[in-house]
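The values are calculated or read from the model by the stated rules, or taken from the named source; none is laboratory data. None of these values were measured; they are calculated from a predicted model. Here the Cβ positions follow ideal geometry from the backbone for every residue, glycine too, while neighbour counts run over all protein chains shown.
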Amino acid sequence: MRQAGRITEWNDGKGFGFVTPVDGGRRVFVHIKAFQPGSRRPVAGDLISYDAAADAQGRLNATSVRFAGQRIQPPAAAARKRTGGSRMPRAVIGTSFLAAAVALMMMGVVPAVLPLLYLLLSCASYLTYGFDKEVAGRRGWRRTPESTLHLLDLMGGWPGGLVAQQVAQHKTAKVSFQRGFWITVVVNLVLFGALWRSGLAATLTEWVLG
């Protein structure tokens with residue numbers, strides 16, 4: 001039986017909080033992943049409806065959460081909202097860029113240090129996104145700050161970040177994060193282009209590999 005309650009505590013940074021039933025009773029844990037896909041970020045004071053289920057430790061958790069008056073999304077619409085309202089092939093874009101960078105290195109067009117940095121930082125970014133997605137559903141685990149993800153992407157890990165966003169379905173629907181992410185992509189391409197054109201990349205390659 002669905003219940004009505006009000007969110008009395010909410011930690012948006014960690015993505016969880018507690019809801020108190022309107023008709024009284026003990027409060028229930030609620031996680032951001034329990035909300036209907038495409039929903040806005042909740043805040044303290046929101047009125048919601050939910051099902052209650054016990055976890056492995058016997059603690060009550062809110063599931064199938066909807067805001068008051070929110071209609072159920074058809075499966076196709078929910079899937080589009082999970083990916084930020086688009087079908088952008090993030091994994092294809094990320095892997096294609098890395099493949100192109102390696103191909104240009106093999107052809108001698110770009111110094112080896114650039115593709116190698118992209119590959120290493122993309123691996124680091126992919127793993128960091130995956131870790132953050134994993135701990136997002138666990139109580140008490142420390143989330144990776146968005147500034148850290150942006151820094152990795154800015155340094156050259158954005159192709160791996162793109163792949164992780166699609167594979168893990170992480171950060172794709174948060175507009176503010178996506179805006180920051182694409183800014184880091186543009187800035188990174190400009191900086192690495194300048195590094196290549198100035199000849200510093202070739203010098204670094206000789207220093208690292210020579």
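Counting only strands (runs of 3 or more DSSP E) wholly contained in segment 1-119, the ones carrying 3 or more residues that are at pLDDT 85 or above, within 24 Å of ARG143 (Cα to Cα) and not assigned by TED's automatic domain parsing to the domain that holds GLN165 occupy 3-11, 16-21, 28-31, 60-67. Residues that are within 12 Å of ASP132 (Cβ to Cβ), under 12 Å from the mean Cα position of the chain (by Cα) and aliphatic (A, V, I, L, M) were ranked within segment 142-186; the one that is surrounded by the most Cβ atoms within 10 Å (Cβ to Cβ) is ALA164.
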